[in-house]
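Q: Shown below is the structure under consideration.
The values are calculated or read from the model by the stated rules, or taken from the named source; none is laboratory data. Not measured: the values here are computed from a predicted model. Keep in mind that these areas ignore ligands, DNA and RNA; they rest on the heavy atoms of the full protein, side chains included. Shrake-Rupley method; radii C 1.70, N 1.55, O 1.52, S 1.80 Å.
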Amino acid sequence: GLGAAVLAVGAASAMRTAGPLLKQLHWRKLADQPGHSVWAQLPELEWGDDARASLRTAFANRRAADAAGTTTPSSSRRVSRVPWSGMFEPATPGGIEPDSPPPLLQLLELRRANNINIVRAQLRHLRTADVAAAVSSMDVDDCLTGDQALQLLAVLPAGDEATALRALETEAIVGARYPGAKGEPTADERAAARARMRDAERFSCELLCVPCGARKLALIALRRSLPQVVSATAATLGALADAAREALCSHSLRVLLATFLRVGNVLNSGTVRGGAHAFDLRVLLTCDAIKSSSDRTHSLMDHVVGFVRGSEAGAAALRALPAELGGLPVGDEGSDALSSVV
């Protein structure tokens, strides 16, 4: 009656507080797949009670005990502190002789100025004005490579820095013009004003004078690199097509996927992740991090491989897997995962 209902509610509440009984496999369930997909062609696996019992024993949820042993007190965290003193050099020398030339106008931080000078040094075959003119007209076939355009785009001033550089140029122009001069500054006056600046500031001001400079540099880089991009894209699409064919034809891969699907559904039973017919394969890369509750050196990946190796057909499938998927362009992470399975 009422007492039994209260006990049932209390038990359900306790289960929600303690969490699931088994460690969860946090995969993303996929919708039912059409008949020609790998998921629709998975083999039937024989699973006895002993296999389920060993899985439940190995991956029982002991999250509370694990958390208590691995919590890091906040007082033990280390904070890296960077001293501010001495980071930047003074803008002007301390003592200036009466007959020495006036100091060059500086605005940019030393590291930023050095980065701009490195890019400028790679274009030493061009004058600064020629670089700006080439970008402005987008006539760069004999001037800039795609990489150089991307490097110029990376050092192009923007935002507050661009505003400050324009103000610096205005200040330099005022100092370079004749007293009482009015109207727009002439080209000679601009050149005389930029001559008072440091190399990095002068180069930046020249680039800022290019209308829509960032868009033009991006288009230049795309135009110069387009043939290589098209060729690389075609090669990638070909590799993906080959990979899809190999995956569809691999019996060993279907055996492994079927085993993972069965194991994951046992671990996720009673949750929204349970009852899956297909899953996002990226979860396979996390299986080495899910450790057994009784043996921290034993992972979920080891357990799955042990299930597969338990039968003669499964052991043969594991041995055939590298040959069946040998041409798959899986990258470093995928290679590591495949090696750990084999």
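Q: Principal axis lengths of the stretch 244-284 from Cα atoms, whole Å, largest first?
A: 35, 15, 15
Q: Among the lysines, select those whose C-alpha is under 23 Å from the C-alpha of Lys291, and discard any that sit fewer than 8 residues away in the same chain.
A: Straight-distance partners of Lys291: Lys23, Lys29.
Q: As a test question: what accessible area, to the nearest 10 Å², does His277 have when a 1.4 Å probe is rolled over all protein chains in place?
A: Using a 1.4 Å probe on the heavy atoms, I get roughly 120 Å².
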